[in-house]
Amino acid sequence: MAAAATTNPSVDELEKREEELFQKGPLQVLTNSVKTNSQVLISCRNNRKLMGRVKAFDRHCNMILENVKEMWSEVPKTGKGQKAAQPVNRDRFISKLFLRGDSVIIVLRNPN
C-alpha cells in the first residue's frame, strides 16, 4: 500500500484561499461593506436587529461596527386580568460595537 501524498498548504496558499472566500463567498457582503463604508442590517440570535457600518470582520463573523442603531420589540407587562399590551418598538444608538460572530443569524446590505 502506497501512502497517500498529503501536503499541507503553505501560509500564502491559505491566505489566498481565504481572500477568495471573502471576495466570492457568503462573506462578500461584509467585504463590500468595509470597502464602500455602506450600512448593513444584521439579525441577531437575541431577536434584535443592528444597522451600522462594518469596519472590520473575520471568518467567524466577529465584527467591529460603528454608528450602530440597535432595534427590538418589547411587550409591556400587564397585571392579572388585563388584556395583553401591544408590543413597543425600541431602539438605541451605539457609537462603537464589537459583535461576536456566533450571535449573527443573517447579514443584509442596506438597499439605500
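Readers should treat all values here as calculations from the given coordinates under stated rules, not as data from a laboratory. Please read these numbers as outputs of a predicted model, since none were measured by experiment. Every residue, glycine as well, gets a Cβ built from its backbone with ideal geometry; the counts of neighbours run over all protein chains shown.
What to note about this one:
- Being under 15 Å from residue 102 (Cα atoms) and of a type in the set (Gly, Ala, Ser) is true of residue 43.
- Residue in the range 77-89 that is among the charged types (D, E, K, R) and part of a strand (DSSP E or B) present: no
- Residues satisfying the stated conditions in the range 12-53, i.e. touching a helix residue (DSSP H, G or I) at 6+ places or on another chain (Cβ under 8 Å), under 16 Å from residue 105 (Cβ atoms) and without any contact (Cβ under 8 Å) to a residue 60 or more places away in the chain: 27, 46
- Breaking point among (1) surrounded by fewer than 10 Cβ atoms within 10 Å (Cβ to Cβ); (2) outside any helix (DSSP H, G or I); (3) of a type in the set (Asp, Glu), for residue 12: (2)
- Subset of the range 56-101 (residues that are surrounded by fewer than 10 Cβ atoms within 10 Å (Cβ to Cβ) and in contact (Cβ under 8 Å) with a residue 40 or more places away in the chain): none
- Where strands (runs of 3 or more DSSP E) fall entirely within the range 26-74, those with at least 1 residues that are out of contact with any Ser or Thr (no Cβ under 9 Å at 6 or more places or on another chain) and of a type in the set (Asp, Glu) are at 63-74.
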